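Q: Have a look at the structure that comes next, please.
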Amino acid sequence: MTRVAAFFDLDKTIIATSASAALSRPFYEGGLVTRGDVLRSAYAHFLFVLGSADADQTERMRKHLSELATGWDVDKVRQIVAETVHEVIDPYVYAEAVDLIAEHHELGHDVVIVSASGSELVEPIAAVLGADHTIATQMRVADGRYTGDMEFYAYGENKAVAIRELAAKQGYDLTRSYAYTDSITDAPMLDAVGHGFAVNPDRALRRLAAERGWGTLTFTRPVALRTALRPPTPVLAALAAVALAVAGVWVWRTLRRR
C-alpha cells in the first residue's frame with residue numbers, strides 16, 4: 001500500500017520569518033561575521049518579508065552566505081547556537097501550520113519540512129515540529145570546516161527533484177500527497193504533488209494558484225513555538241535558528257545609535 005506525505009516549506013509557511021538570517025547577532029558576537037554582514041542579512045530579510053526578493057536577489061544572497069561561511073568551524077557554529085539559545089528563544093510559528101501538521105499526522109501522513117536553509121537550521125526545527133523527514137541545503141564540510149561549496153541547494157526545481165527522490169525511497173504516492181509554500185520559486189514543489197496549497201502567497205504565486213487550481217491558505221496567528229508544542233528542553237536548545245526578531249532589534253538599535 002502506498003503512503004501519503006505532506007511537504008511544508010519553512011520560511012513564511014510554517015514560521016513567520018526567515019530561518020537563514022536568524023543567527024546574525026550571535027554569529028557577530030562569536031566573531032564569525034562583521035557588522036556589515038549583519039546589516040546585509042537584515043536588508044535581505046526586509047526584502048524577504050515584503051515579498052520583493054526576486055530569484056536573482058535570492059541567488060546573490062545564497063552566494064554571499066556560502067562565501068561567508070567558508071572556513072567556519074562546524075563545532076563552533078553548533079556551540080554558538082547552543083550558548084545563545086536562551087538569549088534569543090522567542091521563536092514563532094503559525095498556529096495554523098502547527099494545527100495542519102497535527103491533522104496530517106492524525107491521518108497517518110508523513111510530514112516533511114522542505115527548506116533552502118541549511119540542514120543545521122532546519123533539522124532541529126523539524127524535530128520540534130515532529131516532522132518525519134527534512135529536505136534542506138547541504139553544505140560541504142572538510143576537516144570540520146565549511147568549504148564554501150554546497151553538496152545540494154534545496155531551491156526551486158531542486159526541491160521537486162528531492163521530493164521525488166524521497167517519495168521513491170519512502171513509497172509515497174505523490175498524486176495523493178500535499179505541499180504547502182508561500183513563494184513562486186516553489187511552484188515546482190506544488191507541481192510535484194496532487195494537492196498543492198499556496199500559503200500567504202506572493203502575488204505571482206497567487207495568480208499561478210488560480211490558474212493551476214491550487215488551494216490558497218492564509219496563516220495569521222504566530223505563536224511562541226515552545227508554547228504551541230511544549231518540546232523537551234534539550235531539543236528546544238536548537239531553536240536559535242528562528243530568532244531573527246531579536247537580531248532585527250539589535251540592528252535597529254545599532255543604526256539608531258549611529
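Rule-based calculations on the coordinates, nothing more; no lab input. What you see is a predicted model; the values in this text were computed from it and never measured. Cβ coordinates were reconstructed from backbone atoms using ideal geometry, including for glycine residues, and neighbour counts include every protein chain displayed.
Q: Kirkwood hydrodynamic radius of the stretch 90-175 from all distinct Cα pairs, in Å?
A: The answer is 14.3 Å.
Q: While we're looking at this one, here's another question. Looking at the square roots a ≥ b ≥ c of the eigenvalues of the Cα gyration tensor of the stretch 141-186, which shape do they give, rounded for a/c under 1.5, prolate if a/b is larger than b/c, or oblate?
A: It is oblate, given that a/c is not under 1.5 and a/b is not larger than b/c.
Q: Then there is this: So if R0 is 35 Å, what FRET efficiency would Asp191 and Thr147 give, r being the distance between their Cβ atoms, rounded to the nearest 0.05?
A: Using R0 = 35 Å, I get an efficiency of 0.60.
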